[in-house]
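Below is one structure, written out as structure tokens; comments come after it.
The values are calculated or read from the model by the stated rules, or taken from the named source; none is laboratory data. Just so you know, these numbers come straight off a predicted model, no measurement behind them. Cβ coordinates were reconstructed from backbone atoms using ideal geometry, including for glycine residues, and neighbour counts include every protein chain displayed. In case anyone asks, the SASA skips ligands and DNA or RNA and just uses the protein heavy atoms, side chains included. Shrake-Rupley method; radii C 1.70, N 1.55, O 1.52, S 1.80 Å.
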Amino acid sequence: MRLVLALAIVAATACGSGTTPPDADEALACMTSGRGDAYVAGLERTGRSGLLDFKLLSATPAPPGRFLNAWTLQINTMSSGVVGAPATGAAMTVTPYMPDHQHGAGAYIVQIKETADGKYELSEINLSMPGYWEVTIDAQAGAVHDTVVYRFCIQA
Ligand SMILES: [Cu+2]
């Protein structure tokens with residue numbers, strides 16, 4: 001009975017409102033588990049389908065931090081593992097998600113603007129809590145569709 005009550009309290013406070021202090025322990029647990037990507041400028045990932053190449057050219061702040069983030073992303077086509085031409089005019093959705101708490105970025109919608117061929121500025125990426133976040137980028141460039149996930153441990 002006592003255990004059940006303790007678990008209920010943990011569940012209630014894990015994803016609390018702005019009145020609860022940030023959970024520094026959760027950020028530390030994320031780092032220790034090694035689930036997050038180690039941020040470097042130019043962090044490159046091949047999409048799930050191997051059709052697009054994603055390169056996180058820069059992040060503000062760097063490494064990604066709590067609350068609002070802005071990223072510059074280069075997307076190129078890919079064929080048989082070889083990076084090709086810039087993927088211009090891509091339609092994209094960018095979805096931040098905290099799987100451990102099963103919530104996203106609240107009311108914030110990631111803003112996307114192409115500033116050069118295949119180069120996209122993503123802003124208002126709201127990583128609102130310390131801990132493990134997944135940012136899924138889904139891109140449709142012409143007939144080509146691919147998805148990539150960047151994973152970061154966000155500090156308090
Ligand atoms: Cu959360």
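List of remarks:
- Protein heavy-atom surface of the stretch 22-154, 1.4 angstrom probe: 53% of the accessible area is carbon and sulfur, with nucleic acids and ligands not counted.
- At full extension, Ala85 and Asp25 could sit 17.3 nm farther apart than now, given 0.36 nm per residue minus the alpha carbon distance.
- Taking the chain and dividing mean pair separation by its residue count, relative contact order in percent (alpha carbons under 8 Å, at least six apart): 27 percent
- With the convex hull of its Cα atoms as the shape, the chain has an orientation-averaged projected area of 10.3 nm².
- A 1.4 Å probe run over the protein chains yields, for the stretch 22-154, 48 Å² of accessible area per residue, whole-number rounding.
- Inverse mean reciprocal Cα-Cα distance (Kirkwood Rh) of the stretch 94-156, Å: 12.8 Å
- Using a Förster distance of 30 Å, the FRET efficiency for Leu68-Ala143 (Cβ separation, nearest 0.05): 0.35
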